[in-house]
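The values are calculated or read from the model by the stated rules, or taken from the named source; none is laboratory data. Source: prediction; values computed, not measured. For neighbour counting, all protein chains shown are included, and Cβ atoms are generated from backbone atoms with ideal geometry for every residue, glycine included.
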Amino acid sequence: MRIELKNVSFAYGAYGKRRRKKEASSSVPAVLREIGLTIGKGEMLAVAGKSGSGKSTFTQLLKGFLSPTEGELLLDGVNPHTAKRPELFDRVGYIFQYPEHQLFAATVFEDIAFGLQHAGLTPEAKEAQVRAAMTAVGLDDDAFASRSPFELSGGEKRRAAIAGVIVLEPDVLILDEPTAGLDLPSRQALFELLHRLNRENGMTILWVSHQLDEILEHASRLIALKDGRFVADGHPARLLSDPQLLAAFGWEEPPALAIRRMLGDGPVLPESVEETAQRIARRYAERSNPVLLS
């Protein structure tokens, strides 16, 4: 699915109503201000910005929880609001922060299957779809299907919550700070899952994060949002090594980029954390064993 935003603004409450009627001046406060953006199929995209910058409003617009005050949102070239096709938003999955708080059913299977209750599937087809979703998130159906979701670990609960969204087979998956509250192994496992969904299913993954190291390691594109506007859009390694951008957000340069810069290898090019670690190891080996590496 291709997502386009064309001069989209959004304001809450009476401000939003007046702007729709074109009775408000440009000084009326808006959460989002004339943003334009295109998200292609299969991207791995992170959104960052300070609290109150409009990140949650932006992602809720993409899901259809909110509609633009001005401008338009297009999903594969169609405006779901003006075309009166809200079903297009079903192709966009949304994972709230701490999604495990929304688990409620007696068993993991029932919780994941809840979203399919109006899908018109036969019991056999529904069971197959639920078990496929469990497999996709790394929950063995025999071991977890009949368990209470409240007995799972934090990472397992989050996987079950994600399965409850991907069981609907969305084209796009949006996550609001998906690693919040997770320990390191659970964070690593979660991103292994997201990369697999992106790689094997062609699913577009978009997530909100405050963790610059996480973004640097896992995103192929970063959008920086400030005061309701996108002020930067590009590869994380390039953006997060820009002193002006870092100063504007009060961010510190991620250690992997700082170390590479200190190695004196010239301009910082797009490079993963693992690649930077390998570069450090090679540099250390060169200095320790110059004859062996000559």
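Taking helices (runs of 4 or more DSSP H) as the structural unit, those lying wholly within region 131-211 and holding at least 2 residues that are within 20 Å of residue 105 (Cα to Cα) correspond to 141-144, 154-166.
When 213, 171, 176 are screened for being over 21 Å from residue 136 (Cα atoms) and in contact (Cβ under 8 Å) with a residue 60 or more places away in the chain, only 213 passes.
Confirm whether residue 64 is within 18 Å of the chain's Cα centre (by Cα) and crowded, with 21+ Cβ neighbours inside 10 Å. No; evaluated as a whole, the condition is false for this residue. In region 241-259, the residue that is modelled with the lowest pLDDT out of those that are among the charged types (D, E, K, R) and under 22 Å from the mean Cα position of the chain (by Cα) is 253. Which count do you get for residues in region 107-130 that are assigned to a helix (DSSP H, G or I) and polar (S, T, N, Q)? Within region 107-130, residues that are assigned to a helix (DSSP H, G or I) and polar (S, T, N, Q) number 1. Considering only residues in region 115-150 that are of a type in the set (A, V, I, L, M, F, W, C) and surrounded by fewer than 18 Cβ atoms within 10 Å (Cβ to Cβ), the one that is modelled with the lowest pLDDT turns out to be 119. Among residues that are buried (at least 22 other Cβ atoms within 10 Å of the Cβ) and either touching a Gly at 6+ places or on another chain (Cβ under 7 Å) or among the charged types (D, E, K, R) (or both), residue 219 is not included. Scanning region 235-251 for residues that are assigned to a loop (DSSP other than H, G, I, E, B) and either of a type in the set (Phe, Trp, Tyr) or in contact (Cβ under 8 Å) with a residue 24 or more places away in the chain (or both) yields 235, 240, 241, 250, 251. In region 212-228, the qualifying residues are those that are touching a Leu at 6+ places or on another chain (Cβ under 8 Å) and in a strand (DSSP E or B), and the one that is farthest from residue 191 (Cα to Cα) is 224.
Being at pLDDT 95 or above and of a type outside the set (A, V, I, L, M, F, W, C) is a property that holds for residue 40.
Scanning region 260-294 for residues that are buried (at least 16 other Cβ atoms within 10 Å of the Cβ) and of a type in the set (A, V, I, L, M, F, W, C), we see that the one that is modelled with the lowest pLDDT is 268.
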